[in-house]
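Asker: This is the structure, below, for whatever I ask next.
The values are calculated or read from the model by the stated rules, or taken from the named source; none is laboratory data. Since this is a predicted model, take the numbers as computed values, not measurements. Note: ideal-geometry Cβ built from the backbone for every residue, glycine included; neighbour counts use all protein chains shown. What goes into the accessible areas is simple: the full protein's heavy atoms, side chains included, and nothing from ligands, DNA or RNA. Shrake-Rupley method; radii C 1.70, N 1.55, O 1.52, S 1.80 Å.
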Amino acid sequence: MPSSAFVSRPDAHSPLAQWLAYLESIHSRPIDMGLDRVREVAGRLELDLDAATIVVGGTNGKGSTCAMLEAMLLSAGYKVGLYTSPHLLDFNERARVNGESASDAALTEQFAAVDAARGDTSLTYFELTTLAILRLFARSGLDVVILEVGLGGRLDAVNIVDADCAIVTSVDLDHVEWLGDDREKIGWEKAHIYRPGKPAICADPMPPQSLVDYAESIGADLWRFGRDYNYAGDKQQWNYGGRSQRRNALAYPALRGANQLLNASAALAALEALRDRLPVPQQAVRLGLLQVQLPGRFQILPGQPAVILDVAHNPHAAAVLADNLDNMGFYPYTYAVFGMLSDKDIDGVIAKLGDRIDHWYCAGLPGPRGLSGEELAARLRARGVKEDKDSSVRACADPAAAYAAARESMGEGDRILVFGSFLTVAGVLASMRAARPARAD
């Protein structure tokens, strides 16, 4: 990580890319867990969200749950802010106001304000951008703000916000170097987004006892899946049942995958818990579920060949992806564009998906945590992935090269799965965007 001496401080009118380069340079470590520095700067900014707030944490399912909440609340006519991370193609994706990504100018104005307020207090890229987006939301006249936790919960910058309702979607192994190496430790970290006396939604069907104990110890109003709310469905529609509210004859979410009803029911539990402040009519729920979009979560691109994009990068997400692939029907061969960061449980991901994939195109990823295609291919071979006339392992320089090679090799009726790191999916999406013909004005 370079020091600030090498990147000059931009002004409020400097390009967004210049600001992002500067923000990456001003702290000695990319991750520096703790809330003291963030709280100090938030105090100087007099940061106050005059809106209902929903914080969403968990190992997997956070993005989908946030997207469904946003879609349903927008359909109900509310002014909504949504903060998610990481982004796929453009930083602006992280901050959405009333369904639209924030403009470069709106973001750089807030970056300049937070940078000025921090003085000599050092903030990481994530911490400063989080404060900037919260400040943007505070000045946007919003009714409700939805905030996705970046990492864990207890020490994540988002946790400076006292949520009116908090959701933990799932608890599994990821970021073990920061959060702990078992579900009990990770559950305890994630449970810290809960607040005394406030609705605390837990969508994990078998939550760690540490999460339950923490929620009870602080007096949070714990809503457990299977006890306080549930869902049931058939091939045409599904129903939600909560403590005192039922929603029947709902359309399946536009987001694909069997696990999406678990995420949708958690979102509906949050809306039930907040219904005195944020009433959402049934038609808004139906419309929101039909219209919700979220790139990279079991996203099947239109047209031929079948191309699936999924940011599954831990064993829990890979197991869900395996089930979703099984439900797609028959394809002669599956070609995978696969890229991972070195600090992830690569062997665990391979174990969940290995027998669903015939041909592996291992994509090298940039940065100090990125694995080269050769290193990733070696991990597959060490796991015993076969190489014969019907299966192969190939190393490629980057996701775009891996995708191009897979397209060239595949046969009619085959499918391509692009999965692993956000960087893998982003690299393929960027290459697709670059290949599109320029649109005439």
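Asker: Classify region 292-426 from the C-alpha gyration tensor, please: rounded if a/c falls under 1.5, else prolate or oblate depending on whether a/b exceeds b/c.
Answerer: rounded
Asker: Shifting gears a bit: What relative contact order, as a whole-number percentage, does region 231-387 give when Cα pairs under 8 Å and 6 or more residues apart are counted?
Answerer: Taking the mean separation of contacting Cα pairs over the length of region 231-387, I get 15 percent.
Asker: For Cα pairs less than 8 Å apart in space and 6+ apart in sequence, what is the mean separation divided by the residue count of the chain, i.e. the relative contact order in percent?
Answerer: For the chain, the relative contact order is 14 percent.
Asker: Can you list the trypsin sites (Lys or Arg not before Pro) in region 85-185 that are in a DSSP coil and have 14 or fewer other beta carbons within 10 angstrom?
Answerer: Arg139
Asker: For region 264-316, give the percent of accessible area contributed by carbon and sulfur heavy atoms, probe 1.4 Å, rounded to a whole number.
Answerer: Whole-percent figure for carbon plus sulfur exposure: 54.
Asker: Here is a further query. Please identify every one of the trypsin sites (Lys or Arg not before Pro) in region 291-379 that sits in a loop by DSSP and has no more than 16 other beta carbons within 10 Å of its own beta carbon.
Answerer: Filter output for region 291-379: Arg369.
Asker: May I ask for the net charge around Thr334, where only other residues with Cβ less than 12 Å from the Cβ of Thr334 are counted and Lys, Arg are +1 while Asp, Glu are -1?
Answerer: Cβ neighbours under 12 Å give a net charge of -3.
Asker: Also, I was wondering about something else. Of Leu23, Ala67, Met328, which is farthest on the positive side of the dipole of the chain, counting Cα position, with +1 on Lys and Arg Cβ, -1 on Asp and Glu Cβ, and the Cα centre as origin?
Answerer: The one lying farthest along the dipole's positive direction is Met328.
Asker: If I take all pairs of Cα atoms in region 1-129, what percentage of them are more than 25 Å from each other?
Answerer: 30
Asker: Also, quick follow-up: Per DSSP H run of at least 4 residues, take -39500 (n - 2.57); add these up for the chain, divide by its residues and hand me the 222 nm value, nearest 500 deg cm²/dmol.
Answerer: -11500 deg cm²/dmol
Asker: Considering only protein heavy atoms, with the full assembly of protein chains and a 1.4 angstrom probe, order Glu408, Glu216 by accessible area, largest first.
Answerer: Glu408, Glu216
Asker: Size of the dipole of region 187-302 about the Cα centre, Lys and Arg at +1 and Asp and Glu at -1 on the beta carbon, nothing else charged, in debye to 20?
Answerer: Result for region 187-302 is approximately 360 debye, rounded to the nearest 20.
Asker: Rounded, prolate or oblate: pick one for region 61-189, where a ≥ b ≥ c are the square roots of the eigenvalues of its C-alpha gyration tensor, a/c under 1.5 means rounded, and failing that, prolate if a/b is larger than b/c, else oblate.
Answerer: Cα axes put region 61-189 in the oblate bin.
Asker: Sorted from largest to smallest, which semi-axis lengths in Å does the alpha carbon gyration tensor of the chain give for its equivalent ellipsoid, taking the root of 5 times each eigenvalue?
Answerer: Semi-axes, largest first: 33, 28, 22 Å.
Asker: Please name whichever of Thr84, His313, Val97 sits farthest to the positive end of the charge dipole of the chain, dipole taken about the Cα centre and charges placed at Cβ: Lys and Arg +1, Asp and Glu -1.
Answerer: Result: Val97.
Asker: Report the rotationally averaged projected area of region 102-148 based on its alpha-carbon convex hull, in square nanometres.
Answerer: Dividing the Cα hull surface by four gives the mean projection, 3.5 nm².
Asker: Given +1 on the Cβ of Lys and Arg, -1 on the Cβ of Asp and Glu, and no further charges, what dipole in debye does the chain carry about its Cα centre, rounded to the nearest 20?
Answerer: 820
Asker: If you keep only loop residues by DSSP, which GluC sites (Glu not before Pro) in region 320-404 have at most 15 other Cβ atoms within 10 Å of their Cβ?
Answerer: Here the GluC sites (Glu not before Pro) that fit, given the DSSP loop and packing criteria, are Glu387.
Asker: Here's another thing I want to ask about it. When Lys and Arg each count +1 and Asp and Glu each count -1, what net charge do the other residues less than 11 Å away from Leu222, Cβ to Cβ, add up to?
Answerer: -1
Asker: Around Asp358, what is the net charge, scoring Lys/Arg as +1 and Asp/Glu as -1 over all other residues with Cβ under 14 Å from its Cβ?
Answerer: Net local charge, Asp358 excluded: 0.
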